[in-house]
1. Could you tell me how many of the residues in the stretch 34-58 are in a loop (DSSP other than H, G, I, E, B) and surrounded by 14 or more Cβ atoms within 10 Å (Cβ to Cβ)?
2. Would you confirm, using the coordinates I've provided, whether residue 159 is in the same structural domain as residue 30 (by TED's automatic domain parsing) and free of Cβ contacts under 8 Å to residues at least 12 places away in the same chain?
3. So for the stretch 80-94 (the condition being touching a residue at least 60 places away in the same chain (Cβ under 8 Å), assigned by TED's automatic domain parsing to the domain that holds residue 26, in a helix (DSSP H, G or I) and under 18 Å from the mean Cα position of the chain (by Cα)), does at least one residue qualify?
4. If only one of 75, 154 is in the same structural domain as residue 24 (by TED's automatic domain parsing), over 30 Å from residue 32 (Cα atoms) and more than 17 Å from the chain's Cα centre (by Cα), which one is it?
5. Residue check: is residue 61 in the same structural domain as residue 109 (by TED's automatic domain parsing), crowded, with 17+ Cβ neighbours inside 10 Å and out of contact with any strand residue (DSSP E or B) (no Cβ under 9 Å at 6 or more places or on another chain)?
């Protein structure tokens, strides 16, 4: 999850960056960028998003009649559909992402990035990053809760009338 967030954030920064070239990148740059994405296991990380998509989609439809067994059947059908949709979209997405990286980084930079991922340290980075996922996700969750509480305190200090408890009707 943490690596997925990092990949999406990096992609978003690259997309909005003024550094994105207006001319198409070389085929070699695209190939190097694709190799980086493969080495970083970007597709594997992003392909695991089916259950997340399914959960969101399930929140948009009414609960099925038929009890827990039917709910589980519908949930699994949504996960299967989402997994298939993610798999179908992934090749084009990865190619577009490679083009963006190839527009932002020079061939030399991409070669250096790929060399890092091919090194023992790069392989260790990929292998060990998943060990940080749960603790980092917990840290991000606690940061969100702290920011929400701090925001409420700051807002209520500025707009106390908006923070009064609702009166019973």
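The values are calculated or read from the model by the stated rules, or taken from the named source; none is laboratory data. Because the structure is a prediction, the values reported are computed rather than measured. Here the Cβ positions follow ideal geometry from the backbone for every residue, glycine too, while neighbour counts run over all protein chains shown.
1. Filtering the stretch 34-58 for residues in a loop (DSSP other than H, G, I, E, B) gives 40-41, 48-49.
Pick out the ones that are also surrounded by 14 or more Cβ atoms within 10 Å (Cβ to Cβ) and you get 40-41, 49.
Qualifying residue count for the region: 3.
2. On the way: in the same structural domain as residue 30 (by TED's automatic domain parsing): no; free of Cβ contacts under 8 Å to residues at least 12 places away in the same chain: yes.
Here the answer is no, as residue 159 does not meet what is asked.
3. Here is the first cut: in the stretch 80-94, the residues touching a residue at least 60 places away in the same chain (Cβ under 8 Å) are 94.
Keeping just the survivors that are assigned by TED's automatic domain parsing to the domain that holds residue 26 gives 94.
Subset that is in a helix (DSSP H, G or I): 94.
Checking which are under 18 Å from the mean Cα position of the chain (by Cα) leaves us with 94.
Within the stretch 80-94, one or more residues are touching a residue at least 60 places away in the same chain (Cβ under 8 Å), assigned by TED's automatic domain parsing to the domain that holds residue 26, in a helix (DSSP H, G or I) and under 18 Å from the mean Cα position of the chain (by Cα).
4. On the way: 154 fails: in the same structural domain as residue 24 (by TED's automatic domain parsing).
Of 75, 154, the one residue that is in the same structural domain as residue 24 (by TED's automatic domain parsing), over 30 Å from residue 32 (Cα atoms) and more than 17 Å from the chain's Cα centre (by Cα) is 75.
5. On the way: in the same structural domain as residue 109 (by TED's automatic domain parsing): yes; crowded, with 17+ Cβ neighbours inside 10 Å: no; out of contact with any strand residue (DSSP E or B) (no Cβ under 9 Å at 6 or more places or on another chain): yes.
No: the conditions fail for residue 61.
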